[in-house]
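Notes for the one structure printed next.
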Amino acid sequence: MPDDAQRVLDASQEVIRLWPDGPPSVIEGVGPEAAYTAAAGVAAGTTMLRNVTEATLTVFRPKAGKANGVGVVVCPGGGWRILAWQHEGIDLAHWLAERGYTAFLLKYRLRGTPADPAEFAARMAALDGRIASPLAAKDAPRAFGQLDSSEAHLQAREVAADDGRRALAVVRERAAEFGLAPGTLGMIGFSAGAFLVADVAMEPGGPDFVAPIYGGETRGRPVPAEAPPLFTVIAQDDRYLFKIVEQLYADWSNADRPAELHIFARGAHGFGMVRQGLPCDRWIDLFEAWMADQGFA
């Protein structure tokens, strides 16, 4: 792991390699992995990762005597190009562990980004500008394929989902070691991580509860009769994703599966655990209450 990212982790934490013998598929032309500091946007000043080629889980255990027997796989976002490692990953994992949950921070594999920092920064600035641009509701995408349907995106999305499935399998294999009760392993993800979580939740043997935050879709597939309870959040000024998330909630609700949606007027995209002094800062409190209401506390 890059030094900058390691500094915000406890050196004693266990890191599990998900594919020690090699993954089932590989994205070519990626690397080397690097950490950097976000220069702009809601999460400016936080640590990000890029060019990830090895999938891992970092384990955040609660203090002795505080564990509640519930596990949560945490999936940061970043458009399948970067990982918002700190504010959508480490910060949330610590928050969960402080409340008795055993958190498993997933570092999933990504598409390659330019090795040259200046070229990479220019591309990210252009992408951030697009996300923040005004868009009328009637023109807002109803599916992510309207934003990117390229072969590179589809491959990266499937590779990320492979890592998510593997993360669930590994944790369940070691559930007794982690003190997890049966039927209590869920997933929470942000943006691209939310799409990962929703993709995995649509399949048999998926998570026991799911929280895709400002992202996720069913891609028009029927929601399974055994689909897990769903919690989701979106800001209305997140113009490229708010209609997609509304549809995700509708799909779950129309299938008579438990679902809870919170829409905030402001917050933009990618707020994670960042405090902006807005009502959306309280999404994490709503999530905590929902977990308790669903019996996962």
Review point. For segment 14-29 and segment 172-191, what is the separation of their C-alpha centers, rounded to whole Å?
Key: 20
Exercise for review: Go through segment 192-203 residue by residue and turn each phi into a ³J(HN,Hα) via Karplus (6.51, -1.76, 1.60, θ = phi - 60°); whole Hz please, and just put x for glycine and proline.
Suggested key: 4, x, 5, 5, 4, 4, 5, 4, 5, 5, 7, 10
Exercise for review: Give me the number: length gained by fully extending Glu28 to Asp237, i.e. 0.36 nm times residue separation minus the C-alpha to C-alpha distance, one decimal in nm.
Suggested key: 71.7 nm
**Study point:** Helix-only CD estimate at 222 nm, as mean residue ellipticity for the chain, using -39500 (n - 2.57) per DSSP H run (n ≥ 4)
**Key:** -9000 deg cm²/dmol
Review point. For segment 203-272, which GluC sites (Glu not before Pro) are both in a DSSP coil and crowded by at most 16 other Cβ atoms within 10 Å?
Key: Glu226
Check your understanding: What full-extension length gain, to one decimal in nm, is calculated for Ala181 and Ala169 as 0.36 nm per residue of separation minus the Cα-Cα distance?
Key -> 2.9 nm
Point to revise | Partner aspartates and glutamates for Lys66 [C-alpha distance under 18 Å; skip if fewer than 8 residues away on the same chain] | key: Glu98, Glu177, Glu288
Practice item. Note down the Stokes-Einstein diffusion coefficient of segment 138-297 in µm²/s, whole number, using a Kirkwood radius over alpha carbon pairs, 4 °C, and 1.567 mPa s. Key: 80
Check your understanding: Using a basic spin-label model with each label point 7 Å from the Cα along Cα→Cβ, how many nm lie between Arg99 and Glu119?
Key -> 4.3
Exercise for review: Could you pull out every residue, at least 5 positions away or on a different chain, whose amide H is within less than 5 Å of the one on Thr184? Hs are placed 1.01 Å off N in the peptide plane, and Pro or chain starts have none.
Suggested key: none
Practice item. Give me the distance in nm between label points sitting 7 Å out from Cα along the Cα-to-Cβ direction at Val15 and Ala255, one decimal. Key: 3.5
Check your understanding: Where does each of Thr53, Thr47, Thr184 land when they are ranked from fewest to most other beta-carbon atoms within 10 angstrom?
Key -> Thr53, Thr184, Thr47
Practice item. Principal axes first, then extents: for the Cα atoms of the chain, list largest minus smallest coordinate on each axis, whole Å, largest first. Key: 47, 44, 39
Study note, to complete from the structure: With R₀ set to 41 angstrom, the calculated FRET efficiency between the beta-carbons of Glu288 and Gln146, to the nearest 0.05, is 0.75
**Study point:** Hits among lysines - C-alpha to C-alpha of Lys138 under 19 Å, sequence gap 8 or more where chains match
**Key:** Lys243
Check your understanding: Which ³J(HN,Hα) values in Hz, rounded to whole numbers, follow from the phi angles of segment 140-149 under the Karplus curve 6.51 cos²θ - 1.76 cosθ + 1.60, where θ = phi - 60° and Gly and Pro get x?
Key -> 5, x, 9, 8, 5, x, 6, 8, 7, 10
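We did not get these values from a lab; they are worked out from the coordinates using the rules stated. Fair warning: this is a prediction, and the values are worked out from it, not measured in the lab. We place every Cβ from the backbone using ideal geometry, glycine too, and count neighbours over all the protein chains shown.
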